[in-house]
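The values are calculated or read from the model by the stated rules, or taken from the named source; none is laboratory data. Remember, predicted model here, so these are calculated numbers, not experimental data. Cβ coordinates were reconstructed from backbone atoms using ideal geometry, including for glycine residues, and neighbour counts include every protein chain displayed.
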Amino acid sequence: MTSPADLAVASDPTPEEAQFGAIIAADGRIEPRDWMPDAYRRTLVRQISQHAHSEIIGMQPEANWITRAPSLKRKAILMAKVQDEAGHGLYLYSAAQTLGTTRDDMMDALIAGKARYSSIFNYPTPTWADMGAIGWLVDGAAICNQVPLCRASYGPYGRAMVRICKEESFHQRQGFEILLELMRGTPAQQRMAQDAVDRWYWPSLQMFGPPDDQSPNSAQSMEWNIKRFTNDELRQRFVGMLVPQAEVLGVTLPDPELRLDEASGRYVMSEIDWTEFNEVLAGRGPMNAERLKRRRDAHEDGAWVREAAAAYAAKRAVQREAAA
Ligand code: BYC
């Protein structure tokens with residue numbers, strides 16, 4: 001039988017565990033060469049790789065409008081935004097690589113349909129107003145979620161997020177400005193803007209993840225200072241940001257129940273459709289199959305570039321060796 005003394009010894013942290021715990025308790029940073037528990041590493045690889053995949057898949061709904069943007073200026077802005085998303089994906093894949101996972105493994109998982117990416121990118125973008133709604137709502141939600149991640153305890157992730165958030169904040173403003181211009185336009189343009197807001201509002205609330213009592217990862221991620229706020233806390237913060245901005249735009253948020261409860265300071269809202277969310281996560285959203293197919297085709301079409309780059313690197317290595 002295990003005696004209480006044995007139990008005490010079993011639960012005593014090793015010097016590495018104590019060091020890790022002390023860094024987290026002091027709100028410090030864990031760096032790639034530091035010891036870390038396997039579960040902490042796995043959680044980070046899970047979250048950072050999903051985040052990277054979201055950025056890369058997230059290029060598709062907007063890329064759909066690059067050739068059809070209503071002016072040269074809008075086209076240039078949209079191209080720059082989509083390129084920014086590619087850059088975000090690359091910072092994040094690099095951050096995940098510092099944890100010992102390879103880019104190839106992450107990409108293979110995405111292409112095989114085994115990796116998650118944000119639910120939000122499985123919806124279609126039928127009108128130009130969708131570019132406004134994505135910027136205002138999707139990038140707005142991304143900022144709410146990601147500003148606290150700048151303080152994530154894992155150094156490479158937190159540092160990548162600082163740069164990403166600066167760019168997301170520009171993206172959010174350009175989306176707001178597209179909607180503002182449409183709302184100052186003809187009745188047909190106003191209807192187009194409202195329709196896009198109606199379609200993107202609920203999926204943007206789902207971006208924050210399941211309600212707190214159904215979020216298996218939140219408690220541990222908060223203990224490790226990866227997440228700083230729960231999913232519901234961030235969702236509340238986001239709605240609080242949207243309400244005054246919707247008034248300026250002159251759009252209606254499509255929730256008749258939405259109101260601020262003065263006593264608690266919280267927004268009361270209708271029930272989010274979690275069945276729809278789970279369907280999208282299971283791969284059965286409106287655009288899941290198309291998004292993955294496009295990514296897979298792009299990967300296959302790019303095979304010759306990867307082969308050429310590898311052949312060139314090998315040739316350079318031989319030349320360097322010969323010169324040495
Ligand atoms: N979509 O225990 P939970 C962007 C999964 S990029 C899909 O609360 P966690 C942008 C979750 O992964 C936007 N899956 O998890 C890009 C977990 O499944 P697994 C992406 C979701 O990790 C281009 C399960 O549900 N942003 O903004 O504590 C253009 C239970 O959830 C979703 C990030 O990735 C979802 N919406 O919290 C424009 C930010 N929600 O892994 C914009 C970084 C939940 O156990 N990530 N799941 O199989 C995070 O902050 C957190 O991972 C989440 C979820 C808040 C998303």
Q) From the list 80, 112, 129, which one is in contact (Cβ under 8 Å) with a residue 12 or more places away in the chain and among the small types (Gly, Ala, Ser)? A) 129
Q: Enumerate the pairs (first residue in the range 298-321 and closer than 23 Å to residue 53 by Cβ; second residue anywhere and of a type in the set (A, V, I, L, M)) with beta-carbon separation below 8 Å, excluding pairs fewer than 6 apart on the same chain, so at least 6 apart or on different chains.
A: 299/107; 299/111
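Being over 27 Å from the mean Cα position of the chain (by Cα) and among the charged types (D, E, K, R) is the requirement here; does residue 16 meet it?
So residue 16 fits the description; yes.
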Q. Restricting the first residue to the range 39-54 and requiring it to be under 22 Å from residue 86 (Cβ atoms) and in a helix (DSSP H, G or I), which pairs with a second residue that is among the β-branched types (Val, Ile, Thr) and more than 10 Å from the ligand (Cβ to nearest atom) meet a Cβ separation below 8 Å and a spacing of at least six or different chains?
A. 45/101; 49/101
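When you look at residue 157, is it within 12 Å of the ligand (Cβ to nearest atom), assigned to a helix (DSSP H, G or I) and not basic (Lys, Arg), yes or no? If you could, list the steps in order and put the result at the bottom.
Numbers: within 12 Å of the ligand (Cβ to nearest atom): yes; assigned to a helix (DSSP H, G or I): yes; not basic (Lys, Arg): yes.
It is true that residue 157 is within 12 Å of the ligand (Cβ to nearest atom), assigned to a helix (DSSP H, G or I) and not basic (Lys, Arg).
Residues checked against (1) out of contact with any Phe, Trp or Tyr (no Cβ under 6 Å at 6 or more places or on another chain); (2) at pLDDT below 95; (3) within 18 Å of residue 234 (Cα to Cα):
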{"position": "117", "(1), (2), (3)": "yes, no, no"}
{"position": "120", "(1), (2), (3)": "yes, no, yes"}
{"position": "125", "(1), (2), (3)": "yes, no, no"}
{"position": "130", "(1), (2), (3)": "yes, no, no"}
{"position": "139", "(1), (2), (3)": "yes, no, yes"}
{"position": "157", "(1), (2), (3)": "yes, no, no"}
{"position": "167", "(1), (2), (3)": "yes, yes, no"}
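When only residues in the range 288-320 that are closer than 14 Å to residue 116 by Cα and in contact with a helix residue (DSSP H, G or I) (Cβ under 6 Å, 6 or more places away or on another chain) count, which is surrounded by the most Cβ atoms within 10 Å (Cβ to Cβ)?
Here is the first cut: in the range 288-320, the ones closer than 14 Å to residue 116 by Cα are 288-289, 291-292, 295.
Filter once more, so that each one left must be in contact with a helix residue (DSSP H, G or I) (Cβ under 6 Å, 6 or more places away or on another chain): 288, 291.
Details: 288: 21, 291: 19.
Checking each candidate, the answer is 288.
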